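As structure tokens, the structure follows; a few thoughts come after it.
Nothing in this text is a laboratory measurement; each read-out follows from the coordinates by a stated rule. All values derive from a computational prediction rather than experimental measurement.
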Amino acid sequence: MSVLATLLSRSSTKQIQGPGPSEPEIQQILSAAMCAPDHGCLRPWRFKRIQGEAITKLIELAVKTLEAEGKPLNPTKEKNMREWLGRAPLVLAVASYVDHSNDRIPEHERMLATGAAVMNLLNAAHALGYGAFWSTGIGTYTEAVPEALGFDTLEYDFLGFVVIGSLSEPLAVKERPAVIDHVSVWEPN
């Protein structure tokens, strides 16, 4: 598949299962993230690999944290999260490092660079034949989950989790928005 065909056919999916990417494939996926555009070469993206039994512990941490913070999951959502993540062979926690000593590059540009790194992860996983999904559930908007993962809220903006695995069903072809609805031509006066 050409690079352009890969980009045009990529789609997020929760329909994943084991096996996950091999170690060399994980390194390829993470290496693709390192190629993201990044003003100032700050490389603000940070990832934590979560695999095996650690995924079960992440699920428990998220459920308990949400309950403790007064935002418990409803039973259906909790069941769905447990089933989905229970099939996941690889989870990458994503954060953007906030370098307080650098006031030259605005924080929003660092977050954009981290988002670009995640997009490269998603594209690389797809190019290797895996399904992937960027989730901001799983306790992303809590204090305890990012902290437990080593992302102190004073130093990092926590941005969620990328879940990667083998496709449990073929990717459905999604209808995309029309380019004309999102692009216009600027003509100076």
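Taking segment 91-189 as the region of interest, what is the percent of Cα-Cα pairs per 10 angstrom bin, listed from the shortest bin to the one with the maximum distance?
Calculated over all Cα pairs of segment 91-189, the distribution is 13, 31, 31, 19, 6, 0 percent.
Using alpha carbon centroids, what distance separates segment 1-55 and segment 144-160, in Å?
20
At 222 nm, what helix-only mean residue ellipticity would the chain give, in deg cm²/dmol to the nearest 500, using -39500 (n - 2.57) for each DSSP H run of four or more?
Taking each H run of at least 4 residues, the total per residue is -12000 deg cm²/dmol.
Kirkwood Rh, segment 1-92, all Cα pairs: how many Å?
15.9
Sum up the lysine pairs in segment 12-170 that clear both bars: alpha-carbon distance under 19 Å and a spacing of 8 or more or different chains.
9
Can you check what the Kirkwood hydrodynamic radius comes to for segment 12-170, Cα pairs only, in Å to one decimal?
Numbers: mean 1/r = 0.0622 Å⁻¹.
Computed over Cα pairs of segment 12-170, the Kirkwood hydrodynamic radius comes out at 16.1 Å.
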